[in-house]
Amino acid sequence: MKTKRAYQFRFYPDPQQETLLAQTFGCVRYVYNSILRYRTDAYYQAQEKVGYTKASSQLTAIKKLPEATFLNDVSSVPLQQCLRNQQTAFKNFFEGRAKYPVFKSKKHRQSAEFTYRAFSYRDGELKLAKCDKPLNIKWSQALPADPTTVTVSKDQAGRYFVSCLCEFEPTLLPVTDKKAGIDVGIKDLFVTSDGFKSGNPRHTAQHAAKLAKYQRRLAKKTLGSKNRLKAKRKVARVHAKISDDRSDNLHKLSRKLINENQVVCAENLAVKNMIKNPTLAKHIADASWGEFTRQLAYKAGWYGRTYVEIGRFFPSTKRCSCCGFVKENMPLDVRSWECPECGTTHDRDVNAARNILAAGLAVLAFGENVSGDGISVSSSCSR
């Protein structure tokens, strides 16, 4: 079954392309913010809801204003696409999946989306509308098909990326009998039910000294000066390095789990609530449990595996995986414990992973929780 996947590559624009992209990013930001202000004022002043059609008509009116003639210097496709993205943002807000859309800032990541009418892809060369030359892209792999949508972006470190959305047909992995329950943590990113401990590279801590040095230098620069801009770029590069290392590690570990196991079970954790702990917030954010489980879910769907999530209130840590006894309290400093019922000594994390696996398999077999204590266990399976 074919599905869509984005392939991201880095590219290096020439001066003409860099100028055009800067204009495009600025116009996209201007249109997005102008329409957002128009929709917000229409609601609060006239109790009027503005949809995509009326927002598109407002964009046409804005283009005719004398002070907005610069919008005609760039392709109209990214401007129209930003309205579609804004409409999606409002839909997510009204359905309770996101907060109210906010204004875009030039200090953050810039992006512009081009549909097939605004670019050409031929013989491995990608050319955007109003560009004289194709982009100098460093292709790390061949695209499985011609892209349907291209998104060009520039991060805070000054790097340019192009993301190509293509259709591809994933190859199903051979069926295996192995199953794994995983318990995520801070000391080890995850521990499996068979005792494997992944460790935790702690990417933020690795670059903490360099990051602190560049941040001290940035704090001493004059506001608005070019030296401050250079210092800010150096801080952004360190953050980008941390993010890239973390993402690379998560992709390798999630693919390893999917390759080796037919069924992977994990907990559905409330990371947003857990990150409010001031002592552990930085460590939890660095571990990226939410991103890790997200990767497991979509990769399981691609490669014919099954991913199961159990409820966050299931007492996986306090339950004995041998006899089912549930201990009342289990402080974080207790790393191993002995069951008073059967006398088995448990490693805290391995025991939790075994309980998660058992609960996940119960969901697959019976479609409900079999622990007998009324705890909700939900499944999100991909076959």
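Selection of segment 330-353 for residues being surrounded by fewer than 16 Cβ atoms within 10 Å (Cβ to Cβ), in a loop (DSSP other than H, G, I, E, B), more than 38 Å from the chain's Cα centre (by Cα) and not hydroxyl-bearing (Ser, Thr, Tyr) yields 340, 341, 342, 343. Note on segment 47-87: residues that are outside any loop (DSSP other than H, G, I, E, B) and basic (Lys, Arg) total 3.
Yes/no per residue for (1) at positive phi; (2) aromatic (Phe, Trp, Tyr); (3) assigned to a helix (DSSP H, G or I); (4) within 19 Å of the chain's Cα centre (by Cα):
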residue: 150; (1), (2), (3), (4): no, no, no, yes
residue: 172; (1), (2), (3), (4): no, no, no, no
residue: 175; (1), (2), (3), (4): no, no, no, no
residue: 209; (1), (2), (3), (4): no, no, yes, no
residue: 222; (1), (2), (3), (4): no, no, no, no
residue: 230; (1), (2), (3), (4): no, no, yes, no
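Within segment 284-317, the residues that satisfy the criterion of being closer than 22 Å to residue 2 by Cβ and either among the polar types (S, T, N, Q) or not assigned by TED's automatic domain parsing to the domain that holds residue 338 (or both) are 295, 306.
For (1) farther than 30 Å from residue 167 by Cα; (2) touching a helix residue (DSSP H, G or I) at 6+ places or on another chain (Cβ under 8 Å); (3) surrounded by 13 or more Cβ atoms within 10 Å (Cβ to Cβ); (4) touching a residue at least 12 places away in the same chain (Cβ under 8 Å), each residue gets a yes or a no:
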position: 13; (1), (2), (3), (4): no, yes, yes, yes
position: 21; (1), (2), (3), (4): no, no, yes, yes
position: 25; (1), (2), (3), (4): no, no, yes, yes
position: 42; (1), (2), (3), (4): yes, no, yes, no
position: 47; (1), (2), (3), (4): yes, no, no, no
position: 82; (1), (2), (3), (4): no, yes, yes, yes
position: 112; (1), (2), (3), (4): no, yes, yes, yes
position: 115; (1), (2), (3), (4): no, yes, yes, yes
position: 118; (1), (2), (3), (4): no, yes, yes, yes
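Filtered by the rule that a residue be surrounded by 10 or more Cβ atoms within 10 Å (Cβ to Cβ), of a type outside the set (Phe, Trp, Tyr) and more than 16 Å from residue 24 (Cβ to Cβ), segment 120-132 gives 120, 124, 125. When the criteria are applied in full, residue 297 fails the requirement of being of a type in the set (A, V, I, L, M, F, W, C), in a strand (DSSP E or B) and closer than 23 Å to residue 365 by Cα.
Matching residues to (1) over 20 Å from residue 291 (Cα atoms); (2) buried (at least 16 other Cβ atoms within 10 Å of the Cβ); (3) free of Cβ contacts under 8 Å to residues at least 60 places away in the same chain:
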| residue | (1), (2), (3) |
| --- | --- |
| 224 | yes, no, yes |
| 229 | yes, no, yes |
| 233 | yes, no, no |
| 239 | no, yes, no |
| 244 | no, no, yes |
| 247 | no, no, yes |
| 256 | no, no, yes |
| 261 | no, yes, no |
| 270 | no, no, yes |
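Among residues of segment 318-329 being in a loop (DSSP other than H, G, I, E, B) and within 20 Å of residue 181 (Cα to Cα), the one that is nearest to the chain's Cα centre (by Cα) is 318.
Looking only at residues of segment 306-331 that are of a type in the set (A, V, I, L, M) and touching a helix residue (DSSP H, G or I) at 6+ places or on another chain (Cβ under 9 Å), we find that the one that is modelled with the highest pLDDT is 308. When residue 1 is tested against (1) within 22 Å of the chain's Cα centre (by Cα); (2) within 30 Å of residue 304 (Cα to Cα), only condition (1) is not met.
Checked against (1) surrounded by fewer than 17 Cβ atoms within 10 Å (Cβ to Cβ); (2) farther than 24 Å from residue 266 by Cα; (3) not charged (D, E, K, R), residue 176 passes all but a single condition, namely (2). Taking segment 260-292 as the range and being assigned to a loop (DSSP other than H, G, I, E, B) and of a type in the set (D, E, K, R) as the test, only 276 passes.
What's the number of the condition residue 274 fails, among (1) of a type in the set (A, V, I, L, M); (2) free of Cβ contacts under 8 Å to residues at least 60 places away in the same chain; (3) over 30 Å from residue 356 (Cα atoms)? The number of the failed condition is (3). Restricting segment 279-296 to residues that are touching a Ser or Thr at 6+ places or on another chain (Cβ under 8 Å) and buried (at least 17 other Cβ atoms within 10 Å of the Cβ), the residue that is farthest from residue 261 (Cα to Cα) is 286.
Answer with yes or no whether residue 315 is in contact (Cβ under 8 Å) with a residue 60 or more places away in the chain, surrounded by fewer than 19 Cβ atoms within 10 Å (Cβ to Cβ), part of a loop (DSSP other than H, G, I, E, B) and not small (Gly, Ala, Ser). Against the criterion (in contact (Cβ under 8 Å) with a residue 60 or more places away in the chain, surrounded by fewer than 19 Cβ atoms within 10 Å (Cβ to Cβ), part of a loop (DSSP other than H, G, I, E, B) and not small (Gly, Ala, Ser)), residue 315 qualifies.
All of (1) within 30 Å of residue 197 (Cα to Cα); (2) modelled with pLDDT of 95 or more hold for residue 177 with one exception: (2).
Taking the condition of being assigned to a loop (DSSP other than H, G, I, E, B), among the hydrophobic types (A, V, I, L, M, F, W, C) and within 27 Å of the chain's Cα centre (by Cα), how many residues in segment 88-132 meet it? So the count comes out to 3. Only one of the numbered conditions (1) at pLDDT below 95; (2) polar (S, T, N, Q); (3) more than 23 Å from the chain's Cα centre (by Cα) is not met by residue 215, and that is (1).
The values are calculated or read from the model by the stated rules, or taken from the named source; none is laboratory data. None of the values given here were measured: they were computed from a predicted structure. All Cβ positions, even for glycine, are placed from backbone atoms using ideal geometry, and neighbour counts span all protein chains on display.
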